[in-house]
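Below is one structure, written out as structure tokens; comments come after it.
Read-outs: derived from the displayed coordinates by stated rules, not from any lab. Here the structure is a predicted model, which is why all the values come from computation and not from measurement. Neighbour counts run over all protein chains shown; Cβ positions are idealised from the backbone, glycine included.
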Amino acid sequence: MNAIIGRKLGMTQLFGEDGTVTPVTVIEAGPCPVVQVRAAAEGKPARVQLGFGVAKEKRSSKAERGHAKKAGLEAAPHVLREFASPAEAPVQGSVVTVTDFAPGEWVKVTGISKGRGFQGVVKRYHFGGGPASHGNTRYRKPGSVGPGTDPSRVIKGKRMPGHMGARRTTQLGLLVAKVDAEKNLLFVRGAVPGPMRGIVTVSKEGA
């Protein structure tokens, strides 16, 4: 399988034999049971649905528990994600683990970025702000937001204050530095989106 679901645990360092230090993000990836396999049909590509974690019975619907039961699971997964099916599709009920990844492979990690709440243009878009001289009251204001007579409106897409973060983000070009199969851990060089304990998906480049 070319992808797996995991949870971001935080960042640490790996030390090489020559003393080089590599900053890495630790991801608890899998084990992910294969909940459903969809064959290609009517122009739609084949898909594989993976689960991660276990949801409490009171937090899962009867339909979700029945869907998981078809794959031989006792409880509904906490997270469900669909991925493109590889050439050799896994069998429903099998388990995807970190052993499908190897050090030196390039991956991309997708997650929900940290939420920053309502922010102004200086923090949200890195505006320079106004003069910081004595008596000025426009230190961090956006300034003019649109033309006057023509077209007499604010142009769509204008960078304005608003909600920042908490968006689906994908970080490309990350390198797998280490794989710990016993503890289901992936060590990925660099930073990945999201807060600690945030849910992420790890996919091989090109998958």
Residues of the stretch 6-33 with amide N under 16 Å of the 7 Å Cα→Cβ point at H78: 6-10, 27-33
Read-out Cα extents along the principal axes in Å, derived from the coordinates shown; its label in (i) 53, 40, 33; (ii) 68, 53, 37; (iii) 58, 34, 29: (ii)
Dmax and Rg, reported as Rg then Dmax, of the stretch 43-112 (C-alpha, Å): 14.1, 42
Calculated [θ] (222 nm, deg cm²/dmol) that DSSP helices of n ≥ 4 give over the chain, each run adding -39,500 (n - 2.57): -1500 deg cm²/dmol
Peptides ranked, highest mean first, by Cβ atoms within 10 Å: ranges 141-149, 184-192: 184-192, 141-149
Integer Hz, Karplus 6.51/-1.76/1.60 couplings in order for the stretch 129-139, x for Gly and Pro: x, x, x, 9, 6, 5, x, 6, 10, 10, 4
Model label zone, Q92; criterion: amide N under 16 Å from point 7 Å along Cα-to-beta-carbon; scope the stretch 31-58: 33-41, 46-51
Simple spin-label estimate for Q119 and A181 in nanometres, 7 Å along Cα-Cβ: 4.2 nm
Nearest-0.05 FRET efficiency for S152 and M11, computed from C-beta distance (R0 45 Å): 0.35
Under 28 Å from the Cα of K56 - lysines, other chains or at least 8 residues apart: K8, K69, K70, K114, K183
Amide N proximity, the stretch 18-47 versus E105 label position 7 Å along Cα-to-Cβ, cut-off under 13 Å: 29-30
